[in-house]
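The next block holds one structure in the form of structure tokens; read it before the comments.
Read the figures in this text as sums done on the coordinates, not as results from a lab. Source: prediction; values computed, not measured. Here the Cβ positions follow ideal geometry from the backbone for every residue, glycine too, while neighbour counts run over all protein chains shown.
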Amino acid sequence: MQRIAVYPGSFDPVTYGHIDIVQRGRKLFDKIIVAILHNPSKQALFAIEDRLEMLRESLKEIPDVTFDSFDGLLVDYAKNVGANAILRGMRAVSDFEHEFQLALMNRKLNRDIESVFLMTGMRWFFTSSSIIKEAALFGGDISDMVPPNVYQRVKAKFQRPGK
């Protein structure tokens, strides 16, 4: 049986922390589906198609990684694509409570789908898409936190006249 994991997230934008989780997750799974949840209640910086494009470019060197978007329940999506696991990254203790609650609910909804957590690499421990967007908004250098293709797109979004 092939081991397939869904790695869900907003990836708005994709960071080196996300890439770290996919690289390490590929050691555990035969295939990883990186999936963006369509969440109309959240205001995203990038459209889903733009995020998918950035993900494809950023992860093109990693074999057996595919990309998709979905709406609805994650466990339903995982079942529909033949996945047997949900891959999640955790940065700090503060992530644990939320992730634990999600894992328990997902387990209740579908006992055949396991939740697997990987701690983010130490270098990316305090990196998040939200923090990166905020730093970029105020002109901070985020070039060492995101791949070059992502850096250019984020920089263009926050380009200030006269800078």
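Among the trypsin sites (Lys or Arg not before Pro) within segment 91-148, those in coil by DSSP and having at most 14 neighbouring Cβ atoms inside 10 Å are ARG111.
The value of relative contact order for the chain, using C-alpha pairs under 8 Å at least six residues apart, is 29 percent.
Where Rh is the Kirkwood radius over the Cα pairs of the chain, the temperature 25 °C and the viscosity 0.890 mPa s, what D in µm²/s does Stokes-Einstein return?
In µm²/s, the coefficient rounds to 150.
Measuring between their Cα centroids, segment 89-137 and segment 33-56 lie 17 Å from each other.
Ranked by Cβ crowding within 10 angstrom, fewest neighbours first, how are VAL75, VAL154 ordered? It would help to have the intermediate numbers written out before the result.
On the way: VAL75 21, VAL154 25.
Ranked by crowding around the Cβ, least crowded first: VAL75, VAL154.
Restricting attention to the chain, lysine pairs at least eight places apart or on different chains and with alpha-carbon atoms under 22 angstrom apart total 13. With contacts taken as Cα pairs under 8 Å at a separation of at least 6 residues, segment 87-163 carries a relative contact order of 28 percent.
Among the chymotrypsin sites (Phe, Trp or Tyr not before Pro) within segment 101-156, which fall in a DSSP loop and have no more than 14 other Cβ atoms within 10 Å of their own Cβ? List each step's numbers first, then the result.
Working: sites: PHE117, TRP124, PHE125, PHE126, PHE138, TYR151; in loops: PHE125, PHE126, PHE138.
Answer by residue number: PHE125, PHE126, PHE138.
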